[in-house]
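Colleague: Okay, handing you the structure first.
The values are calculated or read from the model by the stated rules, or taken from the named source; none is laboratory data. Predicted model only: the values in this text are computed from it and were never measured. When we count neighbours, we look across all protein chains shown, and the Cβ atoms used for this are built from the backbone with ideal geometry, even at glycine. When the accessible area is computed, the model is the full protein with side chains, heavy atoms only, and any ligands, DNA or RNA have been set aside. Shrake-Rupley method; radii C 1.70, N 1.55, O 1.52, S 1.80 Å.
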Amino acid sequence: MKKKNWLMLLLVGIITLVLAACGGGSDDKDKGSEKEKVDTSALPDTAENDAEAIKGGTLKVGLVSDAPFQGIFNWELYKDAYDAAIMNWTSNSIFDTKEDFLIADTGLGKLSVDEDAKKATVTIEKDVKWSDGKPFTIEDVIFPYYIIADKDYTGVRYDADFQNIVGAKEYHDGKAKDISGIKKIDDYTMEISFKKISPAIYSGGDGLWGYAAPKHQLENVKIKDLVKADEVRKTPVTLGAFVVDKIVNGESVQMVANKNYWKGQPKLDKVVIEVVPSSSAAAAMKAGKYDLLDSYPANAYADVKDLKNIQILGRPELAYSYLGVKLGKWDSKKGEVVVNEDAKLKDPKVRQALAYAMNIEEVSEAYYDGLRTRANSLIPPVFETYYDDSLEGYKYDVEKAKSLLEEAGYKDTNNDGYVEDPDGKEFTIKMAAMQGSDKDEKIVQFYIQNWKDAGIKVELTTGRTIEFNSFYDKVQADDKDIDIFMAAWGTGTNPSPIGLYAKNAQFNYSRYTTPELEDLLADIDSKESLDADHRAEAFTKWQEYMSEQAVTIPMYFRTEIVPVNNRVKNYDVKYVDGVQLQDIEVTADAPEKVK
């Protein structure tokens, strides 16, 4: 699938646990010490196939997941990567991107910005139709803003960025009947007024929304009911290359070619996406059950690397894995984070000790075949202008962890191997981790042993790992039994962190804020940051601050791998100037099997 059109914080709200295959024991075979590491820079981004394509055909996609997908097929409402992965085949994106992930003029929509007036104009292509044949107009671009700003909106995208639109907050609070900053100029043009304009707008930030929604289909559904409506879950109307045809809830989606696709009717007849457990994904690929594996776990690379019926494509992910620390709650009435000054992990030295005690280096080296590296920052290296490669981060140092605990007054007073708190009371940290493969379960126990080595007692929140959707619900609801959690964020093409870490960002799952943090975030997306050097420095200061606070502790930078069957033609994973979905073909009636 193509992801170069992910303009906003795509994958935001993902709680995708990315755990390595690591046992923490002495079994060298289990540790994978003899593995040959992957040269990730040598992984191709394009599938090679010179054979003649057949007419039509069905592309079979395996969505690797150990839980059912939620089935929220709406860009304003979806919450996880699996729904996003499915929607990418039917995408309602109006913007395309170019180098440095900036908005290009090659998509359905074109953007022009008047920085002095703090206004943006969006113009869309004429004579475009939705999949049901209805005309696509600027009303469909305006409508999503009213979904997100509605007082009954059930999603998580009404955040600091969105409130930058003039009048959005007043409309949300019921003080205005319209969003005053959004004006329809004609059937193909709209104007948006912002409280501020920053460089983020050119990457889809500052409140600019990158997707259309079919107003003619959704306008009669109450906003509070949208997330459960058939129009979202069963019969979504789309602008993308394919249209949802049949759904088996949580299990599979069959799509057919969109005959009204504005770039031309796709060459494939159908795309069928099925959930496949991580434990059987490699075997299914070997048996020729699928053409592509989406969300294939990097820690299972060894299971597919020698298969002769596939090619393995790779690229750096716009994402990072992290350990989150819970320090407060979300106040839904105020729409902001409230920090608990008495939180169990309120002392930054204890949080830093957690980070130093994690032997991420061993995990990355032994179990990810070079597809993961220890992260030093909350900005992925793919954003070269803003990533701070000089930041030291938290390298494995168990003695440093012990020293920090002692400085904070946490000592083992009863000689049981675990520290007590400064008052001499038992100190146990509850961690939420997600269910996965046997390897994933082992890595959880490995890190728990790491912390034990430093004298920190960590137990699983429920006594076991948690099913994907339940895990997500617990983290978002600030479950009282979660002190820390392992997760991942996809940044999308906009590196600005305001939508994840601001005081009024629902995605701020650590529930942490300070005046200094708010100032640092504001500076990144300030008028002054229209100067590239100023913005780069603002990013550096924010990265340093977050590293010191150790509230969101970066774990891995990631290389994404996509196994692709040999019969697939015209497919790549490029972020820029890649093959379009309508041009994907197959060169045989069924996927190739290993003979």
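Conditions tested, residue by residue: (1) in contact (Cβ under 8 Å) with a residue 24 or more places away in the chain; (2) over 24 Å from Ala590 (Cα atoms).
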site	(1), (2)
Lys234	no, yes
Asn260	yes, yes
Gln265	yes, no
Ala281	yes, no
Leu307	yes, no
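Colleague: Looking only at the stretch 234-250, which residues are of a type outside the set (Phe, Trp, Tyr) and either assigned to a loop (DSSP other than H, G, I, E, B) or touching a helix residue (DSSP H, G or I) at 6+ places or on another chain (Cβ under 6 Å) (or both)?
Modeller: The answer is Lys234, Thr235, Pro236, Val237, Thr238, Leu239, Gly240, Ala241, Asn249, Gly250.
Colleague: Within the stretch 340-367, track down each residue that is charged (D, E, K, R), in contact (Cβ under 8 Å) with a residue 60 or more places away in the chain and not in a loop (DSSP other than H, G, I, E, B).
Modeller: Arg351, Glu362, Glu365
Colleague: Among the candidates Arg511, Arg558, which residue alone is open to solvent by less than 10 Å² (accessible area, probe 1.4 Å) and of a type in the set (Lys, Arg)?
Modeller: From the options Arg511, Arg558, the qualifying one is Arg511.
Colleague: Right, here's the next one. Find the strands (runs of 3 or more DSSP E) located wholly in the stretch 251-330 whose residues include 3 or more that are open to solvent by 10 Å² or more (accessible area, probe 1.4 Å), and list them.
Modeller: Fully inside the stretch 251-330 and qualifying: 252-257, 270-276, 310-325.
Colleague: Which one of Tyr418, Tyr447 is at pLDDT 95 or above and touching a Phe, Trp or Tyr at 6+ places or on another chain (Cβ under 9 Å)?
Modeller: Every option except Tyr418 fails the conditions.
Colleague: If you take the residues of the stretch 565-582 that are under 26 Å from the mean Cα position of the chain (by Cα) and open to solvent by 30 Å² or more (accessible area, probe 1.4 Å), which of them is farthest from Phe101 (Cα to Cα)?
Modeller: Asn570
Colleague: Taking the condition of being in a strand (DSSP E or B), out of contact with any Ser or Thr (no Cβ under 7 Å at 6 or more places or on another chain) and modelled with pLDDT of 95 or more, how many residues in the stretch 532-567 meet it?
Modeller: 6
Colleague: Further question on the same structure: Kindly indicate which of Gly393, Gly436, Gly409, Gly417 is open to solvent by less than 20 Å² (accessible area, probe 1.4 Å) and not aliphatic (A, V, I, L, M).
Modeller: Being open to solvent by less than 20 Å² (accessible area, probe 1.4 Å) and not aliphatic (A, V, I, L, M) holds for just one of Gly393, Gly436, Gly409, Gly417, which is Gly393.
Colleague: Turning to a different aspect of this structure: Filter the stretch 467-492 down to residues that are within 28 Å of Phe101 (Cα to Cα) and among the small types (Gly, Ala, Ser) and give me whichever is surrounded by the most Cβ atoms within 10 Å (Cβ to Cβ).
Modeller: Taking the candidates together, the pick is Gly492.
Colleague: Check off (1) among the acidic types (Asp, Glu); (2) closer than 26 Å to Pro135 by Cβ; (3) open to solvent by less than 30 Å² (accessible area, probe 1.4 Å) for Asp206 and give me the number that stays unchecked.
Modeller: (2)
Colleague: Something else now. Just one of Lys442, Lys503, Lys452 is among the basic types (Lys, Arg), farther than 27 Å from Tyr396 by Cβ, open to solvent by 20 Å² or more (accessible area, probe 1.4 Å) and not in a strand (DSSP E or B); which is it?
Modeller: Testing whether each residue is among the basic types (Lys, Arg), farther than 27 Å from Tyr396 by Cβ, open to solvent by 20 Å² or more (accessible area, probe 1.4 Å) and not in a strand (DSSP E or B) leaves just Lys503.
Colleague: To continue, here is another question. Name the residues in the stretch 120-152 that are hydroxyl-bearing (Ser, Thr, Tyr), touching a residue at least 40 places away in the same chain (Cβ under 8 Å), more than 21 Å from Leu530 (Cα to Cα) and not in a loop (DSSP other than H, G, I, E, B), would you?
Modeller: Thr123, Tyr145
Colleague: Let me ask something additional. Tell me, yes or no, whether the stretch 96-119 has at least one residue that is modelled with pLDDT of 95 or more, surrounded by fewer than 17 Cβ atoms within 10 Å (Cβ to Cβ), assigned to a strand (DSSP E or B) and in contact with a strand residue (DSSP E or B) (Cβ under 9 Å, 6 or more places away or on another chain).
Modeller: yes
Colleague: Right, next: Restricting attention to the stretch 331-382, and to residues there that are polar (S, T, N, Q) and crowded, with 18+ Cβ neighbours inside 10 Å, which single residue is nearest to Val398 (Cα to Cα)?
Modeller: Applying the filter and picking the extreme gives Asn359.
Colleague: Working only within the stretch 384-425, note down all residues that are over 27 Å from Phe539 (Cβ atoms), without any contact (Cβ under 8 Å) to a residue 12 or more places away in the chain and not small (Gly, Ala, Ser).
Modeller: Selection gives Glu399, Glu406, Lys411, Thr413, Asn414, Asn415, Asp416, Glu420, Asp423, Lys425.
Colleague: Do you know which of the residues in the stretch 34-54 that are free of Cβ contacts under 8 Å to residues at least 24 places away in the same chain and among the charged types (D, E, K, R) is surrounded by the fewest Cβ atoms within 10 Å (Cβ to Cβ)?
Modeller: Asp50
Colleague: Next question, about the same structure. Test Asp589 against the stated conditions and say whether it is open to solvent by 10 Å² or more (accessible area, probe 1.4 Å), modelled with pLDDT of 95 or more and in a helix (DSSP H, G or I).
Modeller: Spelling it out, it is not the case that Asp589 is open to solvent by 10 Å² or more (accessible area, probe 1.4 Å), modelled with pLDDT of 95 or more and in a helix (DSSP H, G or I).
Colleague: Another question about this same structure. Quick one: in the stretch 158-197, which of the residues that are in contact with an Asp or Glu (Cβ under 8 Å, 6 or more places away or on another chain) and polar (S, T, N, Q) is nearest to Lys79 (Cα to Cα)?
Modeller: Residue satisfying both the conditions and the ranking: Asn164.
Colleague: Contact list please: Cβ distance under 7 Å, first residue in the stretch 92-105 and of a type in the set (Asp, Glu), second residue open to solvent by 20 Å² or more (accessible area, probe 1.4 Å), pairs at least six apart or on different chains.
Modeller: Asp96/Asn5; Asp96/Thr106; Glu99/Val576
Colleague: For Asp80, only one of the following conditions fails: (1) open to solvent by less than 30 Å² (accessible area, probe 1.4 Å); (2) over 28 Å from Val475 (Cβ atoms); (3) among the charged types (D, E, K, R). What is its number?
Modeller: (2)
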